[in-house]
Amino acid sequence: MSKFSFYIMPCMIGFIVVFGLVKKVPIFDVFLSGAEEGLTSTFSIAPSLIGLIMSVSMLKASGALDVITSLLEPVGNLLAVPKETIPLMLLRPISGSGSLAFIDSIFKSFGPDSFAGRVASVMMGSTETTFYAIAIYFGAVGIKNIRHTIFAALVADLTSFIFSILMVRLFFT
Amino acid sequence: MKNGDIMLNYIWGFIILISIICAIFTGNMEALSNSILVGASDAINLVITMAGMMSLWSGILKIADSGGITCILAKIFKPVLKHLFKDCPENSPAMRAICMNITANILGLGNAATPLGISAMKEMKKLNKNSDVASNSMITFVVMNTASIQILPTTMSILRQKYHSAAPFDIVPAVWISSVVALLVGITLAKVLEK
């Protein structure tokens, strides 16, 4: 699995470079303008990450996270969810930067290649900030009654979470 | 990655207050105080570590986008997508915007996907006689946007690299399977509950 994974990035970059050359794109010039946008947008999330990572570290240092996690542990056991990722499951549909801050803390405590670290990675990678997408799209066109959107979207998120655990078990144990 | 989270005003305030109250009871005030200082510098470290790779990746994706990859792939996906959006005529502006948005999402072009998605929603609203109730197509479309269909989870891989993962991309096949299954469940539910 890990040998194969080293091919992904170089192959995608190689493919895109060849595609750009074939399509006569001035590849380096375009790269520079894209890279500049990427740099600006990464630094633009700095203020929200500072605020959120601070709050997640406070939650951890005060012992409140342990209390919340142990309260939720019975529910987690029922679904065979690693207890460290339960708060992530609650935060993920609401806040993208908040979940990133939380994953940063999971990696710091358990490492990215631990069971919890891998499950958290897959959960984060296979979901989106559900409420944000719903708010931005329906908000943009002034839809008042969104019918069954939230239910369908949240069940899909839960499916991702359950499959994240199953897939990590399947591929890495 | 998307910014502009909602509900965060309350959640942020709640997390901070609950931490302070909890620290009073557990006597962890010293640790709490240190965590505030460390948290702020941790965040800047994270941004700096991610900035290089995020910038590189945006540059690479921009090459693909300038070559017109979004239009090419949108044409490939259209035969599949037209079955999901039955109330949008095949060559309508709505259908075109839907295909472009979904393609941009797959490629990870988040900044391009959102404006395309909003114009898709505007076109679908016109087709729905400007009603303020969501049409079936709108629901399917938004549910697809709340699921992750990105081919490469770049942010996650960068973060894994930062913490010295032995193979930062080894989670990718697991991500693909979980997101595809979740996407299918989301679309099925959106369709089944239409009535």
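A few remarks follow.
- Of all residues in region B:169-195, those that are in contact (Cβ under 8 Å) with a residue 60 or more places away in the chain and more than 7 Å from chain A (Cβ to nearest Cβ) have Cβ atoms under 9 Å from Cβ atoms of residues that are surrounded by 19 or more Cβ atoms within 10 Å (Cβ to Cβ) and not in a helix (DSSP H, G or I), 6 or more apart or on another chain, in B:I187/B:A147.
- Any hit, region A:77-100, residues being more than 7 Å from chain B (Cβ to nearest Cβ), basic (K, R) and surrounded by fewer than 19 Cβ atoms within 10 Å (Cβ to Cβ): yes
- Cβ pairs under 9 Å, 6+ apart, first in region B:75-94 and at negative phi and open to solvent by 70 Å² or more (accessible area, probe 1.4 Å), second charged (D, E, K, R) and not in a helix (DSSP H, G or I): B:K82/B:E90
- Restricting attention to region A:129-151, the residues being at negative phi, assigned to a loop (DSSP other than H, G, I, E, B) and without any contact (Cβ under 8 Å) to a residue 24 or more places away in the chain number 5.
- Counting only helices (runs of 4 or more DSSP H) that sit wholly inside region B:1-87, those with at least 2 residues that are of a type in the set (S, T, Y) and more than 7 Å from chain A (Cβ to nearest Cβ) are B:29-66.
- Those residues of region B:127-156 which are more than 8 Å from chain A (Cβ to nearest Cβ) and farther than 16 Å from A:S160 by Cα, in sequence order: B:L127, B:N128, B:K129, B:N130, B:S131, B:S135, B:N136, B:S137, B:T140, B:T154
- Taking helices (runs of 4 or more DSSP H) as the structural unit, those lying wholly within region B:104-177 and holding at least 1 residues that are farther than 22 Å from B:V47 by Cα, in contact with an Asp or Glu (Cβ under 6 Å, 6 or more places away or on another chain) and open to solvent by less than 10 Å² (accessible area, probe 1.4 Å) correspond to B:136-146.
- Scanning region A:1-24 for residues that are over 18 Å from B:G108 (Cβ atoms) and touching a helix residue (DSSP H, G or I) at 6+ places or on another chain (Cβ under 7 Å) yields A:M1, A:L21.
The values are calculated or read from the model by the stated rules, or taken from the named source; none is laboratory data. All figures in this text were calculated on a predicted structure; none of them were measured in a lab. Reconstructed Cβ throughout: ideal geometry from the backbone, glycine too, with neighbour counts over all protein chains shown. These area figures cover heavy atoms from the full protein model, side chains too; ligands, DNA and RNA do not enter into them. Shrake-Rupley method; radii C 1.70, N 1.55, O 1.52, S 1.80 Å.
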